[in-house]
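Here is the structure we will look at.
The values are calculated or read from the model by the stated rules, or taken from the named source; none is laboratory data. Values in this document were obtained by computation on a predicted structure and should not be read as measured data. We place every Cβ from the backbone using ideal geometry, glycine too, and count neighbours over all the protein chains shown.
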Amino acid sequence: MPPIPKPFASQSISDWIAQLQKNDSPEQRLRALQAIGLLGGPDEITRWAVHALRDNDSTIRALAAKLIGGIRLSVSDETETLIASLLQDSDPDVRFESARALLRTKSKRSDHVVPVLFSFLDEEETQPLMVAAILNTFVEAEVIPGRVESELLPRLLRFLDHDRAEVREANSTVFAKWPAFCESCTDQLLPLLDDSEPVVREQIALAFGQSKINSEKVREGLRIASQDEDTEVARVATEALQRLGQD
């Protein structure tokens, strides 16, 4: 665990909990919740994060949902219902963190998450860092609603040549998780084996190897990638060729 910042360690967690409950200043309540997130154990963090989900300050509600999702423990039906209600929050950060919390805690309400996350992907003004975070959320979730696989691909194709590396990296990781996507967009993905970012090249090589698309175009792309200057990209591409029966 990283060292606790001194401003937080200067008070006990009991003091921070009291501040979260009683302080009239949103800034001080936010600070208290941050301290609880650093000082408390999983059960204690979850308890007070659930309390903070009802706060009238949206920044605090967003942090509370983020803390619950970060712990990844199953929560009660009552808490799930409360988090799900925040999917309609006026603050986009609250909606995003609540959606991510429901996926990370394997909520039975995860179906409600998909439209929220898709709406962010469909909005031109959504910041690249949030786009990347949404794509990574789909990748990391162990249980994904089935509709994602049928509706996500058109959105992924929009980000193939995004000018921000973090978006292209997250996007390529989705293809590595769902290699079946490669079958319908092989020609669009092949140029990514020459992307400027090694992570993108590696993940697309991994996706092709797992997809079992044994075409000459794919093999040729992987053969070139197997000579990549990045040793990890070269290794993954070599292994992908071997999966396709090529030495």
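Side notes on the structure shown:
- Extreme residue, surrounded by the most Cβ atoms within 10 Å (Cβ to Cβ), among residues of segment 227-247 that are under 14 Å from Val199 (Cα atoms) and not aliphatic (A, V, I, L, M): Asp228
- Single match in Glu202, Glu239, Glu232 (criterion: more than 26 Å from the chain's Cα centre (by Cα) and either in a loop (DSSP other than H, G, I, E, B) or among the charged types (D, E, K, R) (or both)): Glu239
- Some residue of segment 41-50 being hydroxyl-bearing (Ser, Thr, Tyr) and within 22 Å of Pro115 (Cα to Cα): no
- Of all the listed residues (Ser172, Ser150), the sole one being at pLDDT 95 or above, in a helix (DSSP H, G or I), among the hydroxyl-bearing types (Ser, Thr, Tyr) and closer than 28 Å to Ala99 by Cα is Ser172.
- When Arg61, Arg47, Arg54, Arg31 are screened for being under 26 Å from the mean Cα position of the chain (by Cα), in a loop (DSSP other than H, G, I, E, B) and not polar (S, T, N, Q), only Arg54 passes.
- Members of segment 116-133 found to be in a helix (DSSP H, G or I), over 14 Å from the mean Cα position of the chain (by Cα) and surrounded by 13 or more Cβ atoms within 10 Å (Cβ to Cβ), listed by number: Ser119
- Among the residues of segment 61-78, the one identified as modelled with pLDDT of 95 or more and among the β-branched types (Val, Ile, Thr) is Ile68.
- Subset of segment 64-87 (residues that are of a type in the set (A, V, I, L, M) and outside any loop (DSSP other than H, G, I, E, B)): Ala64, Ala65, Leu67, Ile68, Ile71, Leu82, Ile83, Ala84, Leu86, Leu87
- Of all residues making up segment 88-111, the number that are part of a helix (DSSP H, G or I), among the acidic types (Asp, Glu) and more than 12 Å from the chain's Cα centre (by Cα): 2
- Among the residues of segment 201-247, those that are over 14 Å from Lys177 (Cα atoms) and among the hydroxyl-bearing types (Ser, Thr, Tyr) comprise Ser215, Ser226, Thr231, Thr238.
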